[in-house]
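Student: Dropping the structure in here first, questions after.
The values are calculated or read from the model by the stated rules, or taken from the named source; none is laboratory data. Note that the coordinates shown come from a computational prediction; the quantities given were computed from them, not determined experimentally. Quick reminder, even Gly has a Cβ in these numbers, built from the backbone with ideal geometry, and neighbours come from all protein chains shown.
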């Protein structure tokens with residue numbers, strides 16, 4: 001008799017259990033639990049006010065939860081993010097997490113390469129090394145030759161790829177993206193999503209993306225749907241889908 005053996009699931013890179021977050025009488029998160037594994041892209045969808053952005057902010061240590069635990073599988077063991085002080089959470093966001101937002105939140109007075117190098121400078125890298133590494137990321141994302149342009153001299157899609165390069169430059173193991181394609185046309189949105197998925201998943205890192213766009217969600221490994229602060233569905237992508245297509 002042949003015994004079928006399956007590989008154990010990959011341990012969660014980031015996990016949350018029983019998250020509760022209220023704003024006055026409104027409960028934005030109502031007992032949410034979630035796991036994010038290395039090498040997967042998780043889309044979070046829901047109507048405005050469903051709690052999806054609050055969930056992203058709590059997972060990333062930007063907002064503290066009122067109740068519940070958030071645990072990162074750190075490089076030397078598990079770290080309870082909810083148990084850290086603000087300074088330690090800030091350090092974690094600089095070193096372990098990357099962020100891409102709808103408007104990019106880039107600094108318009110800086111060039112593309114300076115924007116990407118900035119988080120490296122904040123962690124103590126020499127300017128020459130930081131800018132050389134930043135230029136490598138810009139080239140990898142199709143922006144070679146545009147390093148010295150300021151953000152206002154770039155198209156919307158180019159600016160979002162600068163934001164992706166900035167998020168990736170520190171070696172962040174988890175990228176959080178909040179409507180990263182929301183301000184882009186459909187063709188540019190597809191290109192930016194391709195860059196975001198490939199640059200993250202090809203390194204075995206994880207992506208958590210909040211989106212209203214079903215086409216963005218369809219390209220992720222899993223789609224979590226929220227309503228009234230609760231997860232109503234957590235479904236893997238169809239077997240035939242190509243996450244990085």
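Student: Tally time: how many residues in the stretch 115-125 are touching a helix residue (DSSP H, G or I) at 6+ places or on another chain (Cβ under 9 Å) and surrounded by fewer than 21 Cβ atoms within 10 Å (Cβ to Cβ)? So that I can check it myself, show each step before the final result.
Tutor: We begin by selecting, within the stretch 115-125, every residue touching a helix residue (DSSP H, G or I) at 6+ places or on another chain (Cβ under 9 Å); these are 115-123, 125.
Still in the list and also surrounded by fewer than 21 Cβ atoms within 10 Å (Cβ to Cβ): 118, 121-123, 125.
Counting residues in the stretch 115-125 that are touching a helix residue (DSSP H, G or I) at 6+ places or on another chain (Cβ under 9 Å) and surrounded by fewer than 21 Cβ atoms within 10 Å (Cβ to Cβ) gives 5.
Student: May I pose another question? Here is a list: 192, 208. Which entry is at pLDDT 90 or above and more than 30 Å from residue 67 (Cα to Cα)? Walk me through how you get there before you give the answer.
Tutor: Working: 208 fails: more than 30 Å from residue 67 (Cα to Cα).
That would be 192, the only listed residue that is at pLDDT 90 or above and more than 30 Å from residue 67 (Cα to Cα).
Student: Residue 23 is checked against (1) under 19 Å from the mean Cα position of the chain (by Cα); (2) surrounded by fewer than 21 Cβ atoms within 10 Å (Cβ to Cβ) and fails just one. What number does that condition carry?
Tutor: Answer for residue 23: the failing condition is (1).
Here is a yes/no grid of residues against (1) surrounded by fewer than 15 Cβ atoms within 10 Å (Cβ to Cβ); (2) closer than 27 Å to residue 27 by Cβ:
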residue	(1), (2)
165	no, no
168	no, no
171	yes, no
177	no, yes
184	no, no
191	no, no
197	no, no
204	yes, no
224	no, yes
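Student: Hey, another quick one. Identify, please: which residue in the stretch 65-91 is assigned to a loop (DSSP other than H, G, I, E, B) and without any contact (Cβ under 8 Å) to a residue 24 or more places away in the chain and is, among those, nearest to the chain's Cα centre (by Cα)? Spell out how you get there, then give the answer.
Tutor: Pass one, the stretch 65-91, residues assigned to a loop (DSSP other than H, G, I, E, B): 65-66, 75-76, 84-85.
Filter once more, keeping what is without any contact (Cβ under 8 Å) to a residue 24 or more places away in the chain: 75-76, 84-85.
Working: 75: 18, 76: 22, 84: 20, 85: 22 Å.
Of everything passing the filter in the stretch 65-91, 75 is nearest to the chain's Cα centre (by Cα).
Student: Only one of 122, 105, 110 is modelled with pLDDT under 95, out of contact with any strand residue (DSSP E or B) (no Cβ under 6 Å at 6 or more places or on another chain) and farther than 19 Å from residue 177 by Cβ; which?
Tutor: On the way: 105 fails: farther than 19 Å from residue 177 by Cβ; 110 fails: modelled with pLDDT under 95.
Step by step, each of 122, 105, 110 is checked, and only 122 is modelled with pLDDT under 95, out of contact with any strand residue (DSSP E or B) (no Cβ under 6 Å at 6 or more places or on another chain) and farther than 19 Å from residue 177 by Cβ.
Student: Failed condition for residue 49, given (1) at pLDDT below 95; (2) closer than 30 Å to residue 132 by Cβ; (3) not in a strand (DSSP E or B), with all others met?
Tutor: Answer for residue 49: the failing condition is (2).
Student: Keeping to the stretch 122-150, report how many residues are assigned to a helix (DSSP H, G or I) and within 22 Å of the chain's Cα centre (by Cα).
Tutor: Narrowing the stretch 122-150 to residues assigned to a helix (DSSP H, G or I): 122, 127-140.
Next, from what is left, pick out any that are within 22 Å of the chain's Cα centre (by Cα): 122, 130, 133-140.
Counting residues in the stretch 122-150 that are assigned to a helix (DSSP H, G or I) and within 22 Å of the chain's Cα centre (by Cα) gives 10.
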